[in-house]
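The values are calculated or read from the model by the stated rules, or taken from the named source; none is laboratory data. These numbers come from a predicted model, not from an experiment. All Cβ positions, even for glycine, are placed from backbone atoms using ideal geometry, and neighbour counts span all protein chains on display.
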Amino acid sequence: MSIKTKTSRLRSDFLESRLSDESIETSAGKVNGWSNYETWNVVLWIGNDEDLYNLAMKAGTYKKFLKCVGSMGTTGDGVNWRDNNIDLNEVGEFFNELT
């Protein structure tokens, strides 16, 4: 199995493991297993955009990733990478799974 295939499978398995049986938002405010929309959206973009994913892999942590994105302030859906609602612990878990 190639590294690219293994990496893609790891990324897919991690994201899939966070999904719940419920649709996007539950009454508890969770979105597809993530604590909120902003956290879900950030992880979704990093996990599914090849350039962002490669940047995240090189950065190793979300804090370093934020330094790398610099002036590129939002995801493709308009969520600010530095939004105060982002659950940094959950994003940190995602980054731990990348390495």
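List of remarks:
- Where Ile86 falls short, out of the listed (1) part of a helix (DSSP H, G or I); (2) at pLDDT 95 or above; (3) touching a helix residue (DSSP H, G or I) at 6+ places or on another chain (Cβ under 8 Å): (1)
- Being surrounded by 15 or more Cβ atoms within 10 Å (Cβ to Cβ), closer than 18 Å to Asn96 by Cβ and either modelled with pLDDT under 95 or in contact with a Pro (Cβ under 8 Å, 6 or more places away or on another chain) (or both) holds for only one residue in Gly33, Gly47, and it is Gly33.
- Residue pairs meeting the criteria (Cβ under 9 Å; at least 6 apart or on separate chains; first under 15 Å from Phe65 (Cβ atoms), in region 31-53; second basic (Lys, Arg) and not in a helix (DSSP H, G or I)): Val43/Arg18
- The residue of region 62-95 that is surrounded by the fewest Cβ atoms within 10 Å (Cβ to Cβ), among those that are in contact with a Ser or Thr (Cβ under 9 Å, 6 or more places away or on another chain) and among the polar types (S, T, N, Q), is Asn89.
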